[in-house]
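Read through the structure below, which is laid out as C-alpha cells, and then see the notes.
The values are calculated or read from the model by the stated rules, or taken from the named source; none is laboratory data. The structure presented is a predicted model; accordingly, all values stated were derived computationally and were not measured. Cβ placement follows ideal geometry from the backbone for every residue including glycine, while neighbour counts extend to all protein chains displayed. Ligands, DNA and RNA are stripped out before the accessible areas are found, and what is left, the full protein with its side chains, is counted by its heavy atoms. Shrake-Rupley method; radii C 1.70, N 1.55, O 1.52, S 1.80 Å.
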Amino acid sequence: MKIKFIIITILSTLLFQGCDEQLEIAQEDNITSETLYGTPAGALAGLAGAYSRVVAVYREAVINAQYPTNWTDEGFYNRKGARDIRKNNFTASEPMLKDIWGTYYEGISAANTLIVGLEKSPLESQVKQEFTAEAHFLRAFLYFDLQKAFGGTQGVPMPLEETNKQLLPRTPGIDVFKQIVADLEFAEQYLPNASEAVAGRASKSAARGLLARAYLYMASAPFNEAGAYEKARDWSKKVIDDSYHQLNPSYADVFNELARGNYETKETLFQVGFSFADLDSNQSSKLGSAFGIKFDDESCPNGSGDLKGKGFGLTYATISLVLKYRNDPDDERGLWNTLPYFGKRNDNCELGLINSQFQYPASKYRRYLEPNTTNTSYGSHHWPVLRLSEMYLIYAEAVNKISPGSNEALNAVNHVRGRANATPITVISDGAIQEERLLELCFEGHRKYDLVRWGLLDQKVNETKTTMETLAADPNFMNEDWTTFGTFELDANDIPVFGDMPVNSSPRRNTMNASFDFYDGYNDFDPGKHYILPIPEQELGVNTNLKQTTGW
C-alpha cells in the first residue's frame, strides 16, 4: 500500500537510531501540532516513540519471558539470592516493577498523543487511517501486557486520548479488555494485510491474532465473559483461513530466523524487532543471551562453524517438562526446547553434554546464530509475540469449550503436533489442549498467564516442586540423555545435528547442583498474592486515586 513505500526508509532510520533519541521525538512540546503530523515523517516519528517503548520492555526478556515462565511447571530462575520479579521474594517497592510500569505507560501516552495529533492532520485519508490504526494496535498491545501482568479483576488505570495526562483510578479488568477489543477491531479495519505490511510492524493478521487471544482471556476465569469463546474461535479461524499464512515446515527454523534477526511473516504474525546496527545496545535484545541455550565461553571466534556469543541461560526447564518431551521421542520440539548441550568454557568451542536433566536451560533461543555477538548480553534477536500455531490452539480451546470432544478441536491440535512430527493424539480434552500449549509455546511468555486463567497455577507450582524433590532424592533416577544422545556437530548452516554413536556409554545419576537452591521460588510462592503483580508502591505515592492489588 502507498504508506509502506513512503515510510519504510524513514522507519528504519528512526526506529533503530537509539531509544533515548526516540523518546525525545515523542515527548517534544509541539508533538500535537499540526505541523509535526502534517508529513508522513512527522507521524512516523510519533509512531516510533510508541514502538520504542515496546522495544524497551521486551529487550531484557524479564517481564515478557522470565517472569511468565519462572516457578511454574515450565521453568525456574536458576540464580540464587536475587530479589526481583523473577523470584517470589519481592515487594511492591521493587524498582524493576516501577521501571516496567512506567515504560508501558510512556508507550500508551505516545500512542494517545499520536491519535490526537492525527485527528486534524492534513495527511491524505488513507495514510492517516493507517497511522491511526497502528497507534490503536500498539495501545491495545501495551494494555494487554499490563492487564495480564498487573490487572486481574481490579484492572489497571486506562488513560485514553481524552484523559492522557490525568491521574486515574483502576478501570475494572473486563472493561480494560473491552477497550483492547475496541482498539483492535478499529485497527483490523485499516491496517495493511500481512503480505503488504512493513516487516516487524502491525498488520491485519496481527490485530486478528491479538483479538483471538484477548477474547480467550475474557472467556476464561476470572471474567467468564459470555460469548467470548465464540469470538476467540471466529478470530483465530480468520487467521487460519488466510491463505498467506502457513506453519513453517520446520519448528526449529521459526526460531533460527528470529535469532538471525530476520522477519518471517507466514507463521509469525507479529514479532518485536531488534537491531544491533552500529553496535547500539539500546535497540538490541537480551532474549538469546538471558533466555536461551547456555554458552559459557564467549571468546570463541565469530566465524562460520564456530559456536559464539555469551549465553547466560538464566532460566532452566523443569524436569517435568523435559520428561514430557522425552515421553514422545518423535516430537522434534523436545530437543529444540530442552537441549542437553551447552557451550563449555575452555573446551575448544565445542558443546558439552549437561550432566543433569534438572539443569537444562530453556534452549528455544539460539544466540550463536545471531549475526553479531560481540556484546556479551545483547544482539539482534527478535521476539515472537504471535504465531500461527497459537491460533490453532486458541481455536481448539475455544471450540472444545463450545462443543466438548469436537473433532475440529482434535484436528487443530494434531495439525500443530504434525508439524513437529509428534505422535497424534486420539482424544481431545481441556487437559490435552493445555498440555499442547506448554509443548508448543513454552518459553514464549504464556505459561503463568495460562495457568492463572485456567485456575491451575497453585496446583502446578506444588506438583512441580513435589516432582523435583521426589526425583532429586531418588538414587535410581538416571539422566537418560547422558547415554542416548551422540556427538554434537554443526551442519553447513550452523544448525545442530546429532551423531549416531553416543559419546558417553555409562548412565549418569540425575542430581541437583548443590551451589543453587532450586526450590526458593516454589517455597516462597504465595497463592494469595503471586497470581498477579502488585501496583508499584512508588506509583501509589504519585497517584492517590490508585488502590493496591488485593493481597499486596
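Side notes on the structure shown:
- Selection count, segment 434-471, where residues are open to solvent by less than 20 Å² (accessible area, probe 1.4 Å) and more than 16 Å from residue 528 (Cα to Cα): 15
- Scanning segment 501-512 finds one or more residues that are at pLDDT below 95, small (Gly, Ala, Ser) and exposed (fewer than 13 other Cβ atoms within 10 Å of the Cβ).
- Identity of the residue in segment 266-283, at pLDDT below 95, assigned to a loop (DSSP other than H, G, I, E, B) and not aromatic (Phe, Trp, Tyr), that ends up farthest from residue 371 (Cα to Cα): 280
- Among residues of segment 91-125 being in a helix (DSSP H, G or I) and acidic (Asp, Glu), the one that is farthest from residue 552 (Cα to Cα) is 119.
- Of note, residue 196 satisfies the criterion of being farther than 15 Å from residue 137 by Cα and surrounded by fewer than 19 Cβ atoms within 10 Å (Cβ to Cβ).
- Residue satisfying all of: in segment 344-396; hydrophobic (A, V, I, L, M, F, W, C) and more than 30 Å from residue 234 (Cβ to Cβ); modelled with the lowest pLDDT among these: 349
- Of all positions in segment 273-286, at least one carries a residue that is surrounded by fewer than 20 Cβ atoms within 10 Å (Cβ to Cβ), in contact with a Cys (Cβ under 8 Å, 6 or more places away or on another chain) and farther than 25 Å from residue 518 by Cβ.
- Being in contact with a His (Cβ under 7 Å, 6 or more places away or on another chain), buried (at least 19 other Cβ atoms within 10 Å of the Cβ), among the aliphatic types (A, V, I, L, M) and modelled with pLDDT of 95 or more is a property that residue 321 lacks.
- Subset of segment 166-175 that is without any contact (Cβ under 8 Å) to a residue 24 or more places away in the chain and closer than 14 Å to residue 108 by Cβ - its residue that is surrounded by the most Cβ atoms within 10 Å (Cβ to Cβ): 171
- Screening residue 269 on (1) touching a Gly at 6+ places or on another chain (Cβ under 7 Å); (2) open to solvent by less than 20 Å² (accessible area, probe 1.4 Å); (3) farther than 21 Å from residue 130 by Cα shows it passes everything except condition (3).
- Of the residues screened, residue 251 is not one that is over 23 Å from residue 180 (Cα atoms), at pLDDT 95 or above and open to solvent by 20 Å² or more (accessible area, probe 1.4 Å).
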